[in-house]
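Novice: Mind having a look at this structure? Questions to follow.
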Amino acid sequence: MIQPERDVSFSRNPIVLVGQAYDKGLGTFPPSTISYSLEGRYSAFSATAGINDDAPRDAAAVFQVYADGVLVHTTGPVAAHASPATIDLCTAGVQQLDLVVAAAGERGAGRVGFPADAAGAVAVWAGARLFEPAAVDPSAAAAVREQIGRVVEGHHTRAIGE
């Protein structure tokens, strides 16, 4: 299992997406899954998902977010040196959050002797953050959870891994 790199790309270089540097984030390599037990404590998740600038030009990946085993967001293919995908999701009431990166593109299917990420997709969840609500209202959490994709106002932030 691939362990993500914290605050650097998987190649251990700074996190940089299309020239924009990020101090915080998770660096990984497709295929990978990063799982967090949220226990319903967080109201939202946000990140900028992309391929680090040190990856080959033909690298690409698909970023997916699962809440309690249900796919709630997918980016479609994100190519190296192209605009990254912005992800803002409601996580009210979510018990487990899974961040999945899959290889994309012609060279992403995996050939004999090559990893599934043969194109060198150095995938990053830049600025990945979980937001804690100012106050947890369990009765409202179920209603808000139905509106996945909307960020709840009035929250405190915490970088993943802090």
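Novice: Please report the net charge: other residues with Cβ closer than 12 Å to the Cβ of Val16, K and R +1, D and E -1. Mind showing how you got there, number by number?
Specialist: On the way: positive: none; negative: Asp23, Asp53, Asp54.
Around Val16, the surrounding residues sum to -3.
Novice: Using the count of nearby Cβ atoms within 10 Å as a rough guide to exposure, how do Ile15, Ile34 rank from fewest to most?
Specialist: Lowest count first: Ile34, Ile15.
Novice: On a full-extension model of 0.36 nm per residue, what is the gain between Ser35 and Gln95, subtracting their alpha-carbon distance, rounded to one decimal in nm?
Specialist: Working: separation 60, 0.36 × 60 = 21.60 nm, distance 1.06 nm.
Result: 20.5 nm gained on full extension.
Novice: Next question, about the same structure. Taking the Cα centre of the stretch 1-103 as origin, sum charge times position over the Cβ atoms of Lys and Arg (+1) and Asp and Glu (-1), and report the length of that vector in debye to the nearest 20.
Specialist: Here the stretch 1-103 has a charge dipole of around 40 debye.
Novice: Among Tyr42, Tyr66, which comes first, second and so on when ranked by fewest other beta-carbon atoms within 10 Å?
Specialist: Numbers: Tyr42 23, Tyr66 18.
Ascending Cβ contact count within 10 Å gives the list Tyr66, Tyr42.
Bear in mind these aren't lab numbers, they're just calculated from the coordinates by the rules spelled out. These numbers come from a predicted model, not from an experiment. Positions of Cβ are generated from backbone atoms using ideal geometry, with glycine treated the same way; all protein chains shown enter the neighbour counts.
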